Amino acid sequence: MASNDMVEIRWHGRGGQGAKMACLLLADVAGLEGKFVQGFPEYGPERMGAPITAYNRISEKRCTIHSNIYYPDYVVVVDETLLDSVDVTGGLKEGGAIIINTPSSPQEMRPRLQGWTGKVCTIDARSISEEILGRNLPNTPMLAAAVKVSGVLETGRFLTNIEESFKHKFADKPQLIEGNMTTLKKSMEEVQLG
Amino acid sequence: MSSRLSGNEAVAYAMKQINPDVMGAFPITPSTEIPEYFAAYVANGEVNTEYVAVESEHSSMSVCIAAQAAGARAVSATSSCGLALMYELLYVAASCRLPITLACVNRALSGPININHDYSDSMGARDSGWIQIYAENNQEAYDNIIMAMPIGETPSVRLPVMTCMDGFITSHAVENIELLETDAVRKFIGEYNPEHYLLKKENPLAVGPYDVSAYYMEHKVQEAEAMKAAKSRILEVAAEFEKISGRRYGLFEEYRMEDAQLALVLIGSTAGTAKAAIDKLREDGVKAGLVKIRVFRPFPGEELARALAGTKAVAVMDKSEGFSANGGPLFAETCSALYNLKERPYLINIVYGLGGRDVRTEDIEKVFGRLADIAVTGETHPAYTHMGQRSREEETV
């Protein structure tokens, strides 16, 4: 039920991986660029490791709909193991794409996607974050991949604006900004479009 | 100032701009972030509020009552079982005529235990003597809390105000928001100078003593009169607020009601989803409309009757059950509001969305489909149903 100028993104992650934070950060940065935005999580029972879903609507006009997203343009899978338990491609629009955190290639992932025939993108968010941030923090790489693949925001301006957002968010931990910025840039280069 | 904030952030930020004297704080999902953000403002010296961390909501409301009775401005935030645990004190606050401000982030009451949204918490407190104002989104949540003190503190009212927003749907959703300058907020709410308070040495008084039968009823009638007076005060404050914000508020919002034949009456974030559905139906020629109740206490009965007088069929949608076996609380209010109309629309009640069950534009369209049938056939049976029951073979909306 979204209007044509709206991009809808559904995030699948596990509690503690930062899918919600990436979703809210995307909303914040898109809002900073003058878009109308929604970023919201859907929780089941609250616990680390439980599957969680988060949603973004990004549009030129204010969207008043406050339901979950059933027909997303893009799906971001922050945890590969969810492919076995969650119908991640459910409702995904034909012209859309799924972006998965995995060391595998898009060709290797396709057979695990319940017959999904559209675009498959992969990124090894774990390795990138471990290499640059020293920990498995997959949400920052997945955010970069989502922006790159969806084209919902122009990448150069996105990087400038998110740096501003990080300065605010990490005001008491400025040492985190550089690593996160490097992670974003590297992830945009490394995401594989299948 | 344009920003992007979740409902909880917006309310915490409004409280920072207000800089109340006291906050009684105890966390409960999904309102936890409000005292959490506010604690940071306190720690950073951005407010000079006395932040009183307590061991339960019974105590957080007791703190607010004591502080407000002493002549201070007190605020708190809670949800669900937290509000239930305040229950006794809600009545004390209202009957002592203490204009406390409480941010209620609505969440289903246990049991079964559930953290998601419905109105079973605040609807349970609807007869406690608190003014209740509900928000559709983060912007309204922010605006409502800024309007709360000028409403509650005015001498003809002097009642506590509960501003409500939908748990998670609004509290945890980041959306665009327009914020006022802090100076404008402080000027708008002004100084709190109550006529009577505990620590006033010229006129010492007791607060909350035993009330004998010879006087109790007079006090309850005064409280009832105050709630009646709140209606016009809410509109005055809304008019003043429009001057500083450009945003207009009433007792309820009418959406495409000018010539509506089929209408919904509901509360909160579902109104936004319903507006999108109504826009689509209007394109197909359906004369659909919506009344979004903003102020539930005092209930705008006469005004609502006027708004619905020209319609043919109305669905009242309750996001709390109520267990009256005769429909939800909003339905009961709407029925009694319409009773004295000479020509009444057909009226049905749909209980929906309990415990965070999602509602989509398609669900709203189905409701209008049923209303269209009722407008033709006049058949309202069954007049009280539950939306989307998975156990039924054929769903009746």
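The values are calculated or read from the model by the stated rules, or taken from the named source; none is laboratory data. What you see is a predicted model, and the numbers here were worked out from it, not measured in a lab. Please note: Cβ atoms are built from the backbone with ideal geometry, for glycine as well, and neighbour counts cover all protein chains shown.
For this structure, a couple of remarks:
- Odd one out for A:Y70 among (1) over 24 Å from A:R110 (Cβ atoms); (2) at the interface with chain B (Cβ under 9 Å from one of its Cβ atoms); (3) more than 13 Å from the chain's Cα centre (by Cα): (1)
- If you filter segment B:354-366 down to residues that are closer than 14 Å to B:R390 by Cα and more than 10 Å from every other protein chain (Cβ to nearest Cβ), you find that the one that is surrounded by the fewest Cβ atoms within 10 Å (Cβ to Cβ) is B:R357.
- Condition met for B:A67 (surrounded by fewer than 19 Cβ atoms within 10 Å (Cβ to Cβ) and either without any contact (Cβ under 8 Å) to a residue 60 or more places away in the chain or among the polar types (S, T, N, Q) (or both)): no
- Matching entry among B:L304, B:L347, B:L371, B:L338 (being crowded, with 22+ Cβ neighbours inside 10 Å and of a type in the set (A, V, I, L, M)): B:L371
- Number of residues in segment A:114-151 that are assigned to a loop (DSSP other than H, G, I, E, B) and either buried (at least 24 other Cβ atoms within 10 Å of the Cβ) or not hydrophobic (A, V, I, L, M, F, W, C) (or both): the value is 10.
- Just one of the listed residues (B:E225, B:E218, B:E242) is surrounded by fewer than 11 Cβ atoms within 10 Å (Cβ to Cβ) and at pLDDT 95 or above, namely B:E218.
- Test: residue in segment A:30-47 that is more than 9 Å from every other protein chain (Cβ to nearest Cβ), more than 22 Å from A:E163 (Cα to Cα) and modelled with pLDDT of 95 or more: no
- Subset of segment B:95-108 that is among the aliphatic types (A, V, I, L, M) and within 16 Å of the chain's Cα centre (by Cα) - its residue that is farthest from B:G24 (Cα to Cα): B:A108
- Filter result for the condition that a residue is over 13 Å from the mean Cα position of the chain (by Cα), surrounded by fewer than 24 Cβ atoms within 10 Å (Cβ to Cβ) and without any contact (Cβ under 8 Å) to a residue 40 or more places away in the chain, over A:E42, A:E33: A:E42
- Here A:V149, A:V120 are screened, and the one residue that is touching a Phe, Trp or Tyr at 6+ places or on another chain (Cβ under 8 Å) and in contact (Cβ under 8 Å) with a residue 12 or more places away in the chain is A:V149.
- The lone exception for B:E236 - which of (1) out of contact with any helix residue (DSSP H, G or I) (no Cβ under 7 Å at 6 or more places or on another chain); (2) over 29 Å from B:T182 (Cα atoms); (3) assigned to a helix (DSSP H, G or I) it fails: (2)
- Residue within segment A:176-188 that is surrounded by 22 or more Cβ atoms within 10 Å (Cβ to Cβ) and without any contact (Cβ under 8 Å) to a residue 40 or more places away in the chain present: no
- Spans of strands (runs of 3 or more DSSP E) in segment B:1-74 with at least 3 residues within 14 Å of chain A (Cβ to nearest Cβ): B:2-5
- When segment B:329-341 is limited to residues that are touching a residue at least 40 places away in the same chain (Cβ under 8 Å) and of a type outside the set (A, V, I, L, M, F, W, C), the one that is farthest from B:A288 (Cα to Cα) turns out to be B:P329.
- Residue match in segment B:278-294 (condition: farther than 19 Å from B:F368 by Cβ and modelled with pLDDT of 95 or more): yes
- Options A:T182, A:T89, A:T117; residue that is of a type in the set (V, I, T) and touching a strand residue (DSSP E or B) at 6+ places or on another chain (Cβ under 7 Å): A:T89
- Qualifying residue in segment B:239-251 (condition: touching a strand residue (DSSP E or B) at 6+ places or on another chain (Cβ under 6 Å) and part of a loop (DSSP other than H, G, I, E, B)): yes
- Selected residue [surrounded by 24 or more Cβ atoms within 10 Å (Cβ to Cβ), part of a strand (DSSP E or B) and within 14 Å of chain B (Cβ to nearest Cβ)] from A:A54, A:A22: A:A54
- Residue count for segment B:60-80, restricted to those that are among the polar types (S, T, N, Q) and in contact with a Gly (Cβ under 7 Å, 6 or more places away or on another chain): 3
- Top-ranked residue of segment B:253-270 - restricted to ones that are surrounded by 24 or more Cβ atoms within 10 Å (Cβ to Cβ) and over 22 Å from B:G285 (Cβ atoms), ranked as nearest to the other protein chains (Cβ to nearest Cβ): B:S269
- From the list B:K220, B:K231, the lone residue that is touching a strand residue (DSSP E or B) at 6+ places or on another chain (Cβ under 9 Å), under 24 Å from B:Y91 (Cβ atoms) and assigned to a helix (DSSP H, G or I) is B:K231.
- Checked against (1) within 20 Å of B:K280 (Cα to Cα); (2) buried (at least 21 other Cβ atoms within 10 Å of the Cβ), B:S320 passes all but condition (1).
- Of the residues making up segment B:374-389, none is farther than 30 Å from B:R158 by Cβ, among the aromatic types (F, W, Y) and within 14 Å of another protein chain (Cβ to nearest Cβ).
- For segment A:58-67, the candidate set comprises residues that are touching a strand residue (DSSP E or B) at 6+ places or on another chain (Cβ under 6 Å) and within 9 Å of another protein chain (Cβ to nearest Cβ); within that set, the residue that is nearest to B:G355 (Cα to Cα) is A:C63.
- Within segment A:106-143, tally of residues that are among the basic types (K, R) and within 23 Å of A:L26 (Cβ to Cβ): 3
- A count restricted to segment A:152-194 and to residues that are over 15 Å from A:V76 (Cα atoms) and in a helix (DSSP H, G or I) stands at 29.
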